[in-house]
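The values are calculated or read from the model by the stated rules, or taken from the named source; none is laboratory data. As the structure is a computational prediction, the values presented were derived from the model and not from experiment. Methodologically, a virtual Cβ is constructed for each residue, glycine included, from the backbone with ideal geometry; neighbour enumeration extends over all protein chains shown. The accessibility values were calculated without ligands, DNA or RNA, using every heavy atom of the protein model including side chains. Shrake-Rupley method; radii C 1.70, N 1.55, O 1.52, S 1.80 Å.
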Amino acid sequence: MADDFREQGGAATMDPSGFRRWITSKVIRGVVSPKRLAGVESKAERIRSQSGLPHQIEYFHQVDDAYSHLAVQTLRQLGDRYQVELVVHLVEGPAGANLPEPELLMPLARYDAALVAPHYGLEFPVNAVAPTADNCDLARRILTHAAGAGFEDTALAVGQALFTGDADALQKIAVQAGMASAEEAVAHVRAGTERRAQLKHYSGAMFHYGGVWYWGVDRLYHLEQRLNQLDLSLQPQEPPLYARPAIDSGSYRANGSLTLELYASLRSPYTAVIFDEAVELAERSGVRLALKPVLPMVMRGVSLSRDKGLYIFRDAAREARALGQTFGNFYDPIGGPARRCYALYPWAQRQGKHTALVSAFLKAAFREGTNTNSEHGFRSVVEHADLSWEESLREQESDEWQQVLEQNRQSMYQFGSWGVPTFRLLDSEGKQVMWAWGQDRLWLVAREIQRLLVQA
């Protein structure tokens, strides 16, 4: 931590930005610790058992959220497989610092839900439309009335009408299933939103069990694993209902006929989780990897709440452990260290070592706890990428990187994404085949590569 200190009046004092970096790093290391997670889970079970309460999963449903439409389809099967009590809440969507780029989020969710639904045995309209405000209000009234038995079937029908823009179908559901008053619906949604806030979350399509959050169908495999460990499965020999598909490179090779663009940042925990996996997938499948670095969102002025920040790090650590990775020995590279590494990127790229540089930096920051704000720490990154430290000193003040990163950001926004990691698959003519956002979509990219190669 030496380079976070400055000499002042003969005494060593910590630079304010260095102090914040140190505190943030220490907090995150504690938050993502497997020991801490185990403690949260065991404490919740102990309290539940002592209180004589049932095993209860709370699910938070947002009517205009595509991921909620997928998640609600899992409720019946979860209830049939596991000895749990399911409690459903209606909630508002995220807002403020929890909702960056709102004009992009909902279209992205609809696009993404249509991509993944078939792989989980779920349904989502391929050409989904944005639900109107009036239809959403009616949907909340219907689902407020439907709270309890039969909610899943009603919510599925309501969601189908919403995302196909079928107002007539929604009216028919209201007549057949009944609906609450507008005032009752508002109160019901407010109560659900307040309950979610009490449990320290901000989003729809969320499952909460025993002090831990699970997002949508993509995180149910973590929840199922926990329920199985508690001997709550009625079919313990059966595979999980919603297992995460494997990242399978398959047997066909592209031999450079396909290109995989990887939009990545140096302060993204999700990028750190999947970066080397993506590089390996490209190598194994013969796909040309085109790395597209972008500035971290927080360095672009995009804020996020404390609850969201902590959830992201906890979730990323859990995802990393599921891939067999060590993760969470974190030393925050925000600001100066990231800029310094980005400054070296064009120079490293000219030597064909840009991918190695990003990999080394992410490992140092997220797995090895290296203070990349120190000369010793940053030098270790450069040298692990097989680059010359002496030569790098001449490049670290370069501003060439700024235009490169901004062009990458604009390119990403143009096709509908804004966060990292984002993957975009291009055919032999450079035309977009598909794109996907998130470390939990690399398996989908791998399947699409194999599908294209089989057809070739």
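Could you tell me how many degrees, from 0 to 90 and to the nearest 10, lie between the Cα long axis of helix 400-414 and the main elongation axis, the longest principal axis, of the Cα atoms of the chain?
20
Nearest 10 degrees is fine. How inclined is helix 306-322 to the longest principal axis of the chain, computing both from alpha carbons?
Taking the Cα atoms of the chain, the angle to 306-322 is about 80 degrees.
Any idea what the alpha-carbon Rg over 2.2 N^0.38 Å comes to for the range 60-218?
Dividing the Cα radius of gyration by 2.2 N^0.38 Å gives 0.97.
What does the charge count near D276 come to, summing +1 for each Lys or Arg and -1 for each Asp or Glu among other residues with Cβ under 13 Å from its Cβ?
With Lys, Arg at +1 and Asp, Glu at -1, the net is 0.
If the cut-off is 26 Å between C-alpha atoms, which lysines fall inside it for K35, apart from same-chain ones fewer than 8 positions away?
Within reach: K26, K43, K200, K308, K363.
Please compute the Kirkwood hydrodynamic radius over the range 369-456, one decimal place, Å, based on all pairs of different Cα atoms.
Averaging 1/r across every pair of different Cα atoms and inverting gives 16.3 Å.
In degrees from 0 to 90, rounded to the nearest 10, what is the angle of the helix 167-177 Cα long axis to the longest principal axis of the chain?
Computed tilt is about 50 degrees.
Mind grabbing the base-10 log of I(q)/I(0) for the range 267-382 at q = 0.19 Å⁻¹? Debye formula, identical points on the C-alpha positions, no solvent, two decimal places.
-1.11
Give the accessible surface of the range 410-456 per residue, rounded to a whole number of Å², with probe radius 1.4 Å and ligands, DNA and RNA excluded.
Averaged over the residues of the range 410-456, the accessible area is 39 Å².
Within 15 Å, Cβ to Cβ, of L234, how many net charges do the neighbouring residues add up to if Lys/Arg are +1 and Asp/Glu are -1?
Overall, the nearby charge balance is -3.
What whole number of Å gives the distance from the Cα centroid of the range 165-230 to the Cα centroid of the range 342-362?
After rounding, the separation between the Cα centres reads 43 Å.
Rounded to the nearest 20 Debye, what is the dipole magnitude of the chain about its Cα centre when Lys and Arg each give +1 and Asp and Glu each give -1 at the C-beta?
Working: 48 positive and 54 negative charges, 172 e Å.
For this selection, approximately 820 debye.
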